[in-house]
Every structure is written in structure tokens, then in C-alpha cells.
1. Do you know which of the residues in the range 30-45 that are among the hydrophobic types (A, V, I, L, M, F, W, C) and in a strand (DSSP E or B) is surrounded by the fewest Cβ atoms within 10 Å (Cβ to Cβ)?
2. Does any residue of the range 205-213 turn out to be within 28 Å of Thr329 (Cα to Cα), within 16 Å of the ligand (Cβ to nearest atom) and touching a strand residue (DSSP E or B) at 6+ places or on another chain (Cβ under 8 Å)?
3. Looking only at residues that are surrounded by fewer than 19 Cβ atoms within 10 Å (Cβ to Cβ) and more than 16 Å from the ligand (Cβ to nearest atom) in the range 292-308, which one is nearest to the chain's Cα centre (by Cα)?
4. Yes or no: Arg227 assigned by TED's automatic domain parsing to the domain that holds Ser323, within 23 Å of Asn48 (Cβ to Cβ) and within 16 Å of the ligand (Cβ to nearest atom)?
5. Can you spot a residue in the range 215-230 that is closer than 30 Å to Gln315 by Cα and of a type in the set (A, V, I, L, M, F, W, C)?
6. Taking the range 251-276 only, how many residues are more than 14 Å from the ligand (Cβ to nearest atom), hydrophobic (A, V, I, L, M, F, W, C) and within 20 Å of Leu320 (Cα to Cα)?
7. Which of (1) more than 16 Å from the ligand (Cβ to nearest atom); (2) on the phi > 0 side of the Ramachandran plot is the odd one out, the single condition Asn248 does not satisfy?
8. Any residue at all in the range 309-322 that's of a type in the set (A, V, I, L, M), touching a strand residue (DSSP E or B) at 6+ places or on another chain (Cβ under 6 Å) and within 16 Å of the ligand (Cβ to nearest atom)?
Amino acid sequence: MRAYKTAAYYTLGCKLNFSETSTIARNLHEAGYARVDFDTAADVYVINTCSVTDHADKKCRNIVRKAKKSNPDSRVIVIGCYAQLKPEEIAGIPGVTLVLGANEKFNVAQHLEQLDVEDAGKYIAGRIGLVREFTPSYSAGDRTRTFLKVQDGCDYFCSFCTIPLARGKSRSNTIAETIDVAREIESSTIQEVVLTGVNTGDFGAGTDENFFQLVQELDQLAIPRFRISSIEPNLLSDEIIDYVATSNRFVPHFHIPLQSGSDTMLESMKRKYDTALYRSRIERIKEKMPNACIGVDVIVGYPGETDEHFEETYQFIHDLPVSYLHVFTYSERPNTVAIKLEGEVPVPVRQERNKRLRILSEKKKRAFYESQLGNTDQVLWEAERDGDMMHGFTRNYVKVKRAYNEQVINNFETITLSEIDRDGIVKAQRKETVQA
Ligand code: SF4
């Protein structure tokens, strides 16, 4: 009989990485490795890395050191985007047993079995251009919500991005296979599924299926809520917007990367749309769903971004009815087109621009929350306790609070949004609780 061993996991980066770690942990569990906390002495440590994290190398070293301190005899496996980009470098970090690239990372259990006792500093990472396999994943550990990976990789090659190098070509399962995975979630207690991918809207690329068809099929399941994590504006078609507007399950919440409000910058970034198209998406959403919440990604300090370009961006966002921003400060990444461009923006200028947009984001969020006061919506209460309070989100992503009550966790409650508290979270008057 197989000896029961333990494995601990550390995940850096995005929701995709978190959902993939969950799948790898489930696979290892089946192979006889019980999941334990990262701070405990485990037999195996799996570190899922990210290439976008600043000082990825330093972080990786620290985490490996921590693992080895907890159990000097452990096996340390490093996977993820950074592992695909720099396998040799990571394999050289003292304490690393094995580095697995994008194609190999879902087979940790098999690779572990093939390791010899004295093995150290090994790496297996094939050419990313050859990776075609798609492994569906969804995150565990949260009773309320899961991130379901429906797509991986990207064919766009935006000039600042290393993701296509780390994750490979755009690929996904068929709709039927994706629905099979969603049915597993349907049979659990999870109430909300967030559709996640590197370029989610590119689902079905190269086949005769597409993201809109997937949305329609998922809508037939008995999962109460679906959220689309992020979608490129050029892939957010009228039909998707119109469908979400009438769906009871897909919520009126969109996250749409903009990156710059200057057409010159968008062209230089090799984005696949201009500001006119972006504006048309926002207007369509607001026309069909006046209470929709819209989040925006934006990058400041991209090479060649002059004060005028930045002001254009600021004004463009200022004038759009969007609800919050995720602001990223441009940083140079090896092997990108952007790193070779002229017009480097000094770091203090990048930071100043970031600050201005973060203040704009706060104002936008406040204005959005204020516009929602008096509205009635359903909130899904989450498990996390915040002192005497607990939080939940409405369908359109307004963060709401109430006095902690274990009984309502993972339940829906119909509430009226009454007041924005000093901490920026909305208080609610309760109407009814719907047991899950
Ligand atoms: S769309 Fe652009 S930014 Fe997004 S993953 Fe693809 S290349 Fe990177």
C-alpha cells in the first residue's frame, strides 16, 4: 500500500495560477499526498511561480529557503510561468529538486515517482511554442466562489507582455468538456463561478466554437452566479453584452483591459482596438445594464508615454462611466518588444501617474457606490470574518457588510443598499435570506 505523504503549496500571481495549484493539489492527493499548510514540515513543496511578479527570482529563493527550513529532507518542485521562462536559473537555486515547465506541471505526481533519492537541481521545460495541451482547473478552498479556467495562453503578443512566452498559444477545451468540469462544481456547494483565462474571450480560437456559445451553455446549469473575470474589448461582442443583460446567472460586472486612453500608445502596445471601440463597449454595456459595474486595467509609464498621452488617458477614463481601475506601473521585461523602444519614462514620473490614476479610481468607485444607494439586489455572504462584521458582494460587485452570522455564510440575501460607511463599504437593509 502507498505510504501517505504530505504536500504543501505556495502560489504567486494570478487567479489562473491559483486554480491550477488547486488542480495539481487534487491530483497529488489522489496519488497519496495529503495537502498541508506551507509552514508545516511537508514531504513535498510545490511552488507555483509568476513571471509578472517583481523580483520573481528573489521571491522564489526566499520561498525555497522557507520550505527547506521547515523540512530539510523535503522535495521542492517549482512550476509556473517563471519556471517556464527561466528553468535553468531556478534549477540552480539551492534546495530546488525539480523545475517543471508549462507542459509538465500537471504531472507532478508522475515526475515525483521518477525522481532518484539524490536528484537535485533538475529541470524539464520544453519549447513553449509546442504546448498544445489544455488542462481544465478550478480553485478550491473557498466555499462561496471558484475560479474556473476555461482558456489558457495567448496569440496576441502585446508589446509589453511575456505571457505568451510563459503560457504558450491560445487553447481551450471544447464546450462539452468545459461543461463536464462545470457540472462537478454544480454538484458542490459553490454559488459563484468566475470564468478565468489568459485571454478568456478567445475561448474556442481555431475551432468552430466560441466564447458566446460557452456563455449560453453555462447559463443552462444550476449554478446561481457566473462572473466573467476579464475580457478584451475587441472580443466583447454586442451579442455577449446583450445576452448577459437578460441572463439571471451571468452578473452585470465586466472587467475590460484598456491599458491606455491614447490611440498612439495603443498602437505602439499592439493592442487590437482603439479608444473609439473601447468607448463603444462601455456605452453598450451601460445602455443595456445601467447598473453594471465596469473595472478597467491601465498601464502607466509605457515607453514613449508623454505627459500629453497620459493626460489623454486620464481624461478618457475620467469621462467614461466606469467603476474602478487596476493601475499597473510599466516595468521592463526581457524578451519583449517594449523593452527595445525609445522614450523611457523616468520611474518617479511613472509613480506619480500611477498615484493620480489610483486617486481617480477611488473617486470612480465612490461615485459608482453612491449611484447604487437605494437599489435592491442580492448579496452572497462570504465566510471570512472581519471583527464583528462579514462581507459579501452584490451581483454588480458592490461590497456590502453586515453583522457576522455564521448561518448566512454562502447564502443569498436580498438587501437594499442604504449607506456608504467610513471604510467605503456599503451598509444594507435586509429583506430576506435565501438558503442555498
Ligand atoms: S492580450 Fe496582450 S496583454 Fe493579454 S495576455 Fe495576450 S499578449 Fe498579454
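The values are calculated or read from the model by the stated rules, or taken from the named source; none is laboratory data. Because the structure is a prediction, the values reported are computed rather than measured. Note that each Cβ is placed from the backbone with ideal geometry, even for glycine, and that neighbours are counted across all protein chains shown. Note: areas computed on protein heavy atoms with side chains; ligands, DNA, RNA excluded. Shrake-Rupley method; radii C 1.70, N 1.55, O 1.52, S 1.80 Å.
1. Looking at the filtered set, the residue picked out is Ala34.
2. Looking through the range 205-213, none of the residues is within 28 Å of Thr329 (Cα to Cα), within 16 Å of the ligand (Cβ to nearest atom) and touching a strand residue (DSSP E or B) at 6+ places or on another chain (Cβ under 8 Å).
3. This residue is Gly304.
4. no
5. So far as the range 215-230 goes, yes, one or more of its residues are closer than 30 Å to Gln315 by Cα and of a type in the set (A, V, I, L, M, F, W, C).
6. 2
7. (2)
8. There is no residue in the range 309-322 that is of a type in the set (A, V, I, L, M), touching a strand residue (DSSP E or B) at 6+ places or on another chain (Cβ under 6 Å) and within 16 Å of the ligand (Cβ to nearest atom).
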